[in-house]
Every structure is written in structure tokens, then in C-alpha cells.
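Participant: This is the structure I want to talk about, given as C-alpha cells.
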Amino acid sequence: MASAPSESTTGVPLAIFKIIIAGGFGAGKTTLVGAISEVRPLCTEEVLTTASTGFDDLAGVEDKRATTVAMDFGRITFGSHLLLYLFGTPGQDRFWFMWDELSYGALGAVVLADTRRLADCFPSVDYFEKRRVPFVVAINCFDGAAAHNTEDVRIALDLDPQVPAVLCDARRPESVKRVLISLVEHVLASGLASGTGPGRRIRLARSLASITGG
Ligand SMILES: Nc1nc2c(ncn2[C@@H]2O[C@H](COP(=O)(O)OP(=O)(O)OP(=O)(O)O)[C@@H](O)[C@H]2O)c(=O)[nH]1
Ligand SMILES: [Mg+2]
């Protein structure tokens, strides 16, 4: 894996943050991290075997052959000032014990939602709400089209009005980029960013402005 740059090409220190990619079983977390990572993503996928029958609900994702058993990891640099480390969670309940470790110090989270199995992302939404970690809901359009609009999903998930819900295609880097930018915007707007002192928040805001031209 390439080593992490510590400063931008202009000599300005990079603002480095950790982001969690969460959501239910098979929602597209590994796909999302792999689509955007500029380094070869770390995946911990194992083949689904008959041993998981009765534990892993494959309804709606019958073609699924593998599942994440620890975490996904990737890295993406935006412009020359912002570096995000992406940590994908395992999707199954039996790996919940890892979530506190994975989420420690995170700036925010993306909760991937699959509208065919929307209830699967309730636990992720609950988890981040309870811990006051800012998050966005990214609705993964599995067949390239939205089965439901964002408003329907907001209502179904009972999202607070300020929590963004956006459509995405987890396979497309540009789409994933937009999701991550909406998360950074939300973090700055919400004032909830854990572990970010005023200096880091200012760097984050400057980084965002340099990316979005704001
Ligand atoms: N058509 C389509 N397929 C997708 C999309 N995102 C993921 N997939 C497919 O859906 C399946 C599940 O995706 P994963 O990325 O493994 O899902 P995951 O959330 O990491 O799954 P777990 O780690 O088992 O919880 C894979 O076969 C992907 O190729 C998408 O946006 N569109
Ligand atoms: Mg996975």
C-alpha cells in the first residue's frame, strides 16, 4: 500500500479524517470503498458457505457470494488538502462487537441503504444517532435507478430533517465522491464533529471550499 502523504503539494498540511462506511448486510459497503480508494483497498471478504445458512439473510441479494468479516479500508485524497480514510464495517449482527473500535475518532459516517432491504440499515442509523456522530444516508441504486425517492426513505427511516439523504451508485467513483462531500458539508453544518477542535474544523472548511469552489 502506498504510504500516506502528510502534506499537500503546496506544503499545506493535509486535513486527515476517518470516515465510517456502514449499512446493512450486502448494502454495497465493500463496493463503495473499492470504487473510490486510490490505493488497493484492504478487504476482508470470505466466501459465504452453507455454514451461514440460517444466520445470513440473503433475501434480495441471492447472488451474493462473499461477505466482509472484519473491515474494509481505503483512502481518498480530495484536491490537495483533504485526505479521508474510509473504514467499512462488517454488515452482519454477529460482528457488532467491532463497531466501537472501528468508529473511534471518526469524523462522520455514511449509512448505505438498500431500498430492497431498508430495515437492515436501522441499526446503523440508531448507532450513529445515539453517539451523536454526524452521518448521511446514501441510497444505493442497485439497478441503476432509484426504487424510491429520497423523501420516502427519509420518512421510512424517521430521519431528523437535517440529516442528508442522497441517491448514489456505490460502483461509481464520481457518485461516491458526491456522497463524501455531502457528509463533509453536513459535518461542518451540524457542529457535531467529534474530535475536531477549531483548528481542524477550519482546515476542513478550507479543504471543502477548495474542492467545491465555494
Ligand atoms: N447493481 C449494483 N450492484 C451493486 C451495487 N453496489 C453493490 N453491488 C453488488 O451487490 C453485492 C453486495 O455488495 P457488497 O459491496 O459486497 O456489499 P457489503 O455491504 O460490503 O456486504 P457485507 O460486507 O456482506 O455486508 C455485490 O455483488 C456488488 O457487486 C450497485 O450500486 N449496483
Ligand atoms: Mg462488505
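The values are calculated or read from the model by the stated rules, or taken from the named source; none is laboratory data. Because the structure is a prediction, the values reported are computed rather than measured. All Cβ positions, glycine included, derive from the backbone under ideal geometry; neighbour counts span all protein chains shown.
Participant: Quick one: would you say Val136 is in contact (Cβ under 8 Å) with a residue 40 or more places away in the chain and away from ligand 1 (no atom under 11 Å from the Cβ)? Full working, then the answer.
Facilitator: Details: in contact (Cβ under 8 Å) with a residue 40 or more places away in the chain: yes; away from ligand 1 (no atom under 11 Å from the Cβ): yes.
Yes: the conditions hold for Val136.
Participant: Continuing with this model, one more query. Inspect all residues belonging to the range 30-39 and state whether any of them is touching a Leu at 6+ places or on another chain (Cβ under 6 Å), at pLDDT 90 or above, closer than 21 Å to Arg171 by Cα and not in a strand (DSSP E or B).
Facilitator: Yes - at least one qualifying residue is present in the range 30-39.
Participant: A further question follows. Quick one: in the range 126-147, which of the residues that are exposed (fewer than 15 other Cβ atoms within 10 Å of the Cβ) and of a type outside the set (D, E, K, R) is farthest from Gly34 (Cα to Cα)?
Facilitator: The qualifying residue farthest from Gly34 (Cα to Cα) is Ala147.
Participant: Sticking with this one: Quickly run through the range 103-117 and pick out the residues that are in contact (Cβ under 8 Å) with a residue 40 or more places away in the chain and touching a strand residue (DSSP E or B) at 6+ places or on another chain (Cβ under 9 Å).
Facilitator: Going residue by residue through the range 103-117, those that are in contact (Cβ under 8 Å) with a residue 40 or more places away in the chain are 103, 105-114, 116-117.
Of everything in the range 103-117, those that are in contact (Cβ under 8 Å) with a residue 40 or more places away in the chain and touching a strand residue (DSSP E or B) at 6+ places or on another chain (Cβ under 9 Å) turn out to be Ser103, Gly105, Ala106, Leu107, Gly108, Ala109, Val110, Val111, Leu112, Ala113, Asp114.
Participant: Restricting attention to the range 60-97, report how many residues are more than 15 Å from ligand 1 (Cβ to nearest atom) and on the phi > 0 side of the Ramachandran plot. Reasoning before the result, please.
Facilitator: So the first thing to find is which residues in the range 60-97 are more than 15 Å from ligand 1 (Cβ to nearest atom), and the list is 75-85, 97.
Subsequent filtering for residues that are on the phi > 0 side of the Ramachandran plot retains 79.
So the count comes out to 1.
Participant: Where in the range 57-158 are there helices (runs of 4 or more DSSP H), lying fully within it, with 3 or more residues that are under 29 Å from Ala209 (Cα atoms)?
Facilitator: Values: elements: 99-103, 122-130, 150-157.
Here the list reads 122-130, 150-157.
Participant: Does Ala170 satisfy being in contact (Cβ under 8 Å) with a residue 40 or more places away in the chain, part of a loop (DSSP other than H, G, I, E, B), buried (at least 21 other Cβ atoms within 10 Å of the Cβ) and of a type outside the set (Lys, Arg)?
Facilitator: Considered against the rule, which asks whether it is in contact (Cβ under 8 Å) with a residue 40 or more places away in the chain, part of a loop (DSSP other than H, G, I, E, B), buried (at least 21 other Cβ atoms within 10 Å of the Cβ) and of a type outside the set (Lys, Arg), Ala170 comes out as yes.
Participant: Now, a different point. Mind listing just one residue for me: the one in the range 20-35 that is surrounded by fewer than 24 Cβ atoms within 10 Å (Cβ to Cβ) and among the hydrophobic types (A, V, I, L, M, F, W, C) and, of those, farthest from ligand 1 (Cβ to nearest atom)?
Facilitator: Here is the first cut: in the range 20-35, the residues surrounded by fewer than 24 Cβ atoms within 10 Å (Cβ to Cβ) are 25, 31, 34-35.
If we keep only those that are among the hydrophobic types (A, V, I, L, M, F, W, C) as well, we get 25, 35.
Numbers: Phe25: 4, Ala35: 8 Å.
Looking at residues that are surrounded by fewer than 24 Cβ atoms within 10 Å (Cβ to Cβ) and among the hydrophobic types (A, V, I, L, M, F, W, C), I get Ala35.
Participant: Being within 16 Å of ligand 1 (Cβ to nearest atom), without any contact (Cβ under 8 Å) to a residue 60 or more places away in the chain and among the charged types (D, E, K, R) narrows it down to one of Asp100, Asp120, Asp143, Asp126, so name that one.
Facilitator: Details: Asp100 fails: within 16 Å of ligand 1 (Cβ to nearest atom); Asp120 fails: without any contact (Cβ under 8 Å) to a residue 60 or more places away in the chain; Asp126 fails: within 16 Å of ligand 1 (Cβ to nearest atom).
Just one listed residue meets the conditions, Asp143.
Participant: Hey, among the residues in the range 132-149 that are away from ligand 2 (no atom under 16 Å from the Cβ) and under 17 Å from the mean Cα position of the chain (by Cα), which one's nearest to Leu118 (Cα to Cα)?
Facilitator: Within the range 132-149, the subset away from ligand 2 (no atom under 16 Å from the Cβ) is 132-137, 139, 141, 143-149.
Checking which are under 17 Å from the mean Cα position of the chain (by Cα) leaves us with 132-137, 139, 141.
Details: Arg132: 21, Val133: 20, Pro134: 20, Phe135: 16, Val136: 15, Val137: 11, Ile139: 9, Cys141: 12 Å.
Out of the qualifying residues, it is Ile139.
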